[in-house]
Amino acid sequence: MTSDPDTIKLTHHSSSATRPMLDTLCLVYADAYEVEPTQEKTGAFRARTERGLERAGFELVMAAVGEELVGFAFGYPIPEGNTAWWQGLDPEPPEGFTVETGTRTFILAEIEIRRAWQGRGVGRRVHDELLAGRLEERATLATNPDASRSHAIYEAWGWRRIGRIPGKPGDYFGAYELFLRPLSNDASR
């Protein structure tokens, strides 16, 4: 394996193209977190991804070197009228903040990089590539509230912390820190 970030190829995939790659995504996820692919953490990732694949507008950006997948990011827009993402947000947001039109907010659901490739700019590349062509006004993401290292990275990438939401039954964490970032609505750039 070469470790030169310049050899990375980024590709976009729809949910139908992503479905057959789910096992490979789980392997990258397990490697990123240094867990066995059969552990609960990877199972929770699989379940989240399967739900995400059902969402309209799902998009995956993969980073590969040759045939090896070294990282990925994916997400989808919040559907019109759906405010579940914002339920329990503390502090309470201003009026109108949680209104969703189907084109207002994009959820960056996952960004995962194999350990050997972490710290080499791959995460930033898949992040930027996924968000670059989005037509939504803003993007949001949720993280482990105790992941201060990840929080610092997101803030350096232009995200701002907006509060905390409680986890739901079956979630991996009991609470999540929410971040928000404006998006350029200019898809012609």
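The values are calculated or read from the model by the stated rules, or taken from the named source; none is laboratory data. Computed from a prediction, not measured in an experiment: that's the story for all the values here. Cβ placement follows ideal geometry from the backbone for every residue including glycine, while neighbour counts extend to all protein chains displayed. With ligands, DNA and RNA removed, areas are computed over all heavy atoms of the protein, side chains included. Shrake-Rupley method; radii C 1.70, N 1.55, O 1.52, S 1.80 Å.
Out of 170, 163, which single residue is out of contact with any strand residue (DSSP E or B) (no Cβ under 7 Å at 6 or more places or on another chain) and closer than 19 Å to residue 88 by Cβ? Step by step, each of 170, 163 is checked, and only 170 is out of contact with any strand residue (DSSP E or B) (no Cβ under 7 Å at 6 or more places or on another chain) and closer than 19 Å to residue 88 by Cβ. Filtering segment 80-102 to residues that are touching a residue at least 24 places away in the same chain (Cβ under 8 Å), part of a loop (DSSP other than H, G, I, E, B) and in contact with a Gly (Cβ under 9 Å, 6 or more places away or on another chain) leaves 89, 91, 93, 102. Among the residues of segment 63-74 satisfying the criterion of being crowded, with 24+ Cβ neighbours inside 10 Å and in contact with a Leu (Cβ under 8 Å, 6 or more places away or on another chain), which is farthest from residue 141 (Cα to Cα)? The qualifying residue farthest from residue 141 (Cα to Cα) is 63. With respect to being open to solvent by 60 Å² or more (accessible area, probe 1.4 Å), at pLDDT 95 or above and in a strand (DSSP E or B), residue 124 falls outside the description.
Residues in segment 143-164 that are in a loop (DSSP other than H, G, I, E, B) and touching a Pro at 6+ places or on another chain (Cβ under 9 Å): 158 alone.
Only a single item in (1) among the acidic types (Asp, Glu); (2) surrounded by fewer than 15 Cβ atoms within 10 Å (Cβ to Cβ); (3) in a helix (DSSP H, G or I) is not met by residue 31, and it is number (2).
Whether any residue in segment 33-42 is at pLDDT 95 or above and among the β-branched types (Val, Ile, Thr) is what I want to check. Looking through segment 33-42, none of the residues is at pLDDT 95 or above and among the β-branched types (Val, Ile, Thr). Would you call residue 24 among the hydroxyl-bearing types (Ser, Thr, Tyr) and either without any contact (Cβ under 8 Å) to a residue 60 or more places away in the chain or surrounded by fewer than 12 Cβ atoms within 10 Å (Cβ to Cβ) (or both)? Criteria met by residue 24. Of the listed requirements (1) in contact with a Lys or Arg (Cβ under 8 Å, 6 or more places away or on another chain); (2) open to solvent by less than 40 Å² (accessible area, probe 1.4 Å); (3) among the hydroxyl-bearing types (Ser, Thr, Tyr); (4) modelled with pLDDT under 95, residue 15 misses just one: (4). Is one or more of the residues making up segment 53-60 closer than 25 Å to residue 121 by Cβ and open to solvent by 20 Å² or more (accessible area, probe 1.4 Å)? Yes - at least one qualifying residue is present in segment 53-60.
The residue that is least open to solvent (accessible area, probe 1.4 Å), among those in segment 145-168 that are under 19 Å from residue 110 (Cβ atoms) and β-branched (Val, Ile, Thr), is 165. Against the test of being in contact (Cβ under 8 Å) with a residue 60 or more places away in the chain and under 16 Å from the mean Cα position of the chain (by Cα), the options 113, 107 yield a single qualifying residue, 113.
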